[in-house]
Protein chains: 2
Amino acid sequence: MTIAFLGTGLMGAPMALNLVKAGFPVTVWNRSAGKTVALEEAGARVAETPAEAVGKADVVITMVSDGPAVGDLLFEQGTAEHMPTGATVIDMSSIRPEEARNHADRLSKMGISHIDAPVSGGTRGAEDGSLAIMVGGDDVTFDRVASLFEPMGRAILLGPSGSGQLAKLANQAIVAITIGAVAEATLLVREGGIDPACFRAVLKGGFADSVILQQHGARMQAGDFAPGGRSSFQLKDLENVLAECRAMGLSLPLTALQRDRFADLVTRLEGGDLDHSALFLELLERNNLSRSQ
Amino acid sequence: MTIAFLGTGLMGAPMALNLVKAGFPVTVWNRSAGKTVALEEAGARVAETPAEAVGKADVVITMVSDGPAVGDLLFEQGTAEHMPTGATVIDMSSIRPEEARNHADRLSKMGISHIDAPVSGGTRGAEDGSLAIMVGGDDVTFDRVASLFEPMGRAILLGPSGSGQLAKLANQAIVAITIGAVAEATLLVREGGIDPACFRAVLKGGFADSVILQQHGARMQAGDFAPGGRSSFQLKDLENVLAECRAMGLSLPLTALQRDRFADLVTRLEGGDLDHSALFLELLERNNLSRSQ
């Protein structure tokens, strides 16, 4: 399979690199050209334009910032028109489920298949090839491209178009709420005179343990909120979860509370560029407490 | 070290058994005698009364239901008076931090040391000897009895008297909130047509993964709410967290919301004897949805 990989940023670059290393013929394109140098050295072909990248591709992978960026790339810039009939678009960007379904419909009318395949696992997962890949689409298309996912992580087909994006939103809701749980536990033990590092150590491997307790709990204790996952992105994800809930007629009380608190962190406390573990700052502020004990 | 183990219920029995197997001389007592038969067969001595059990003990381990039960056993029933001077009480029950400090003070005046050492990990952790043991007390006492904990799990001294109980409360807050996060994600994907089992599978090992996602998420999907950890106990734990917060002047918004919802589950929805994953029923009811899809 000949691959065009559009969008080689923080996540896309290591994902594309793993495809190159696995022996797939990969043509890359990125809006800012500097990010394709290392890929070219590893053996990727670099295209000047998206249209050039996709001209002979069996599969076009898109990995850009959000739904409007995907729509602009595929349709406004005319990239889809340059794809061979019978090509498949795998959109690995995180966008809204209804945007994914809309893209799938529009591409289908052009004779192009589409699956949504957003990921979880961060830059480390992208580099290690250990991403969780949440796939929506039809099983014939999934089976045809499934071998592509292997160098990038573990892919599971969850349902029809948009299902991957819905699962990603549910994933993000769990992350946002668990960060809140870890913040409350960290504050409680800290104010009670317990070293939060000892607290995390004794809980390790137990019922309350999680990657978020160990990693984000340590960031909260250290007051180190360099991203990682930005609070502004976490807020966008929660807004998308709640938009989906409104469309589905669902009420999710913890998600709604966390949306309000991340909005407060991003707007009033100006923490949008901080890691999402900075929700700890919102909790401190709510309690009139300072960052260090 | 000669051990008296008071309270050999669901948790206490396998913990005492691991001490016997490790070669410690153990005398057991339980309010209902039937629960000591297997321990006697394994080599434990069985006492008729708590006073008889503790008469020659270097260490007295208590594992009963709550703070008042511990106080009754130690003081109202006069058990502490029968302990040798210089003995150590290790209270592994889950009680309030201020109750633990009160017990430590009263015992100290009788020449008896006290550490609080509540556990997390459930009956499986008790059987495997893999409990997380959260210890409060002074380091001299902890060091003297530390070898006792090894057959039961991993013990870490967290701070002065009551610190173990405070850590246990923080542990329980994380569990209650994470159950809520998993309930919302499970409902969102289910209503979007995704099999929650596939959702749990794709998230396995990732950022949003946890023991609670895998175990309690499966219970929510199956509608199997046989306990496990009862909702009524979860509510008691959350009440204790919030009582501690009031005493410390802390506001924990997710914990407070979960307390209200578990109270609703226990009282209005009569779910007190169901597993705490039955919070999913509260979420369904809130959304006017039925148990099965």
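Quick one: what Rg and Dmax do you get for the range B:69-184 from the alpha carbons, in Å?
15.0, 53
Within 10 Å of each Cβ in peptide A:152-159, how many partner chain Cβ atoms are there on average? Round it to a whole number, please.
Taking all residues of A:152-159 together, the mean is 4.
Counting DSSP beta bridges in the protein assembly as shown, what percent are antiparallel, to the nearest 5?
15 percent
Trypsin sites (Lys or Arg not before Pro) within the range A:156-247: which are DSSP loop residues with at most 14 other Cβ atoms inside 10 Å?
Loop-located and lightly packed - A:LYS204.
Using only the Cα atoms of the range A:3-159, construct the convex hull and provide its projected area averaged over every direction, in square nanometres to one decimal. List each step's numbers first, then the result.
Values: hull surface 30.9 nm².
Mean projected area of the Cα convex hull: 7.7 nm².
Can you name the helices of chain B, as whole DSSP H runs, whose Cα span along the helix axis is 27 Å or more and whose Kyte-Doolittle mean is not below 0.5?
TM-like helix candidates: B:163-191.
Expressed as a rounded percentage, what relative contact order does the range B:166-287 have, with Cα pairs under 8 Å and six or more residues apart?
35 percent
With only alpha-carbon pairs counted, each pair once and no self-pairs, how large is the Kirkwood hydrodynamic radius of the protein assembly as shown in angstroms?
Evaluated over the protein assembly as shown, this radius sits at 25.8 Å.
Between beta-carbons, use under 9 Å as the cut-off and find the net charge around A:LEU169, counting Lys and Arg +1, Asp and Glu -1.
Neighbourhood net charge equals 0.
For Cα pairs less than 8 Å apart in space and 6+ apart in sequence, what is the mean separation divided by the residue count of chain B, i.e. the relative contact order in percent?
13 percent
Taking A:GLU81 in one copy and the same position in all the others, each labelled 7 Å out along Cα→Cβ, what are the pairwise distances from the first, in nm, shortest first?
9.6
State the antiparallel share, in %, of DSSP beta bridges confined to the range B:111-239, rounding to the nearest 5.
35 percent
Given bins 10 angstrom wide, list per bin the percent of all Cα-Cα distances in the range A:136-216, short to long.
It works out to 16, 32, 21, 19, 10, 2, in whole percents.
Nm distances between the label at B:GLY23 and the same-position labels in the remaining copies, 7 Å along Cα→Cβ, shortest first?
5.6
Could you identify the residue of B sitting closest to the B-A rotation axis by Cβ and state that distance rounded to whole angstrom?
Result for the B and A rotation: B:SER210, 2.
Take every DSSP beta bridge whose two residues both sit in the range B:3-159, then give the antiparallel share in percent to the nearest 5.
Given both bridge residues lie in the range B:3-159, the antiparallel proportion sits at roughly 10 percent.
Starting from the range A:101-162, pick out the trypsin sites (Lys or Arg not before Pro) whose DSSP state is loop and whose Cβ has at most 11 other Cβ atoms within 10 Å. List each step's numbers first, then the result.
On the way: sites: A:ARG101, A:ARG106, A:LYS109, A:ARG124, A:ARG144, A:ARG154; in loops: A:LYS109.
Those satisfying the criteria are A:LYS109.
If you split all Cα-Cα distances of the range B:166-287 into 10 Å bins from zero, what percentages do you get per bin, shortest first?
Calculated over all Cα pairs of the range B:166-287, the distribution is 14, 45, 31, 9, 1 percent.
Which distance in nm do the two modelled labels at B:GLU40 and A:ARG286 give, with both placed 7 Å along the Cα-to-Cβ direction?
Distance between the two pseudo-spin positions: 5.3 nm.
Using the reciprocal of the averaged 1/r over all distinct C-alpha pairs, how large is the Kirkwood radius of the range A:235-276 in Å?
In the range A:235-276 this quantity evaluates to 10.7 Å.
What's the extension gain from B:ARG106 to B:ASP260 if we count 0.36 nm per residue and subtract their Cα-Cα distance?
Result: 52.0 nm gained on full extension.
Which distances, shortest first and in nm, link A:GLY34 to the matching position in the other copies, using label points set 7 Å out along Cα to C-beta?
Between copies, matching label points for A:GLY34 lie 7.5 nm apart.
Taking just the alpha carbons, could you work out the radius of gyration and Dmax for chain A, both in angstroms?
20.5, 65
Could you size up the charge dipole of the protein assembly as shown around its Cα centre, putting +1 on the beta carbon of Lys and Arg and -1 on that of Asp and Glu, and report it in debye to the nearest 20?
160 debye
Expressed as a whole number of Å, what is the distance separating the alpha-carbon centroids of the range A:50-127 and the range A:190-236?
So the two Cα centres are separated by 35 Å.
Using a 10 angstrom Cβ neighbour count of at most 10 plus a DSSP loop assignment to flag exposed GluC sites (Glu not before Pro), which longest range of chain A is free of such sites?
No qualifying site falls inside A:49-269, the longest such stretch.
Would you mind checking A:LYS204/B:LYS204; A:LYS56/A:LYS168; A:LYS109/A:LYS236 for any pair whose Cα atoms are more than 21 angstrom apart?
Pairs exceeding 21 Å: A:LYS56/A:LYS168; A:LYS109/A:LYS236.
Since every read-out is calculated from the coordinates, none of them should be taken as a lab result. These figures come from a predicted structure and were not determined experimentally. Note that we place each Cβ from the backbone using ideal geometry, even for glycine, and neighbour counts take in every protein chain shown.
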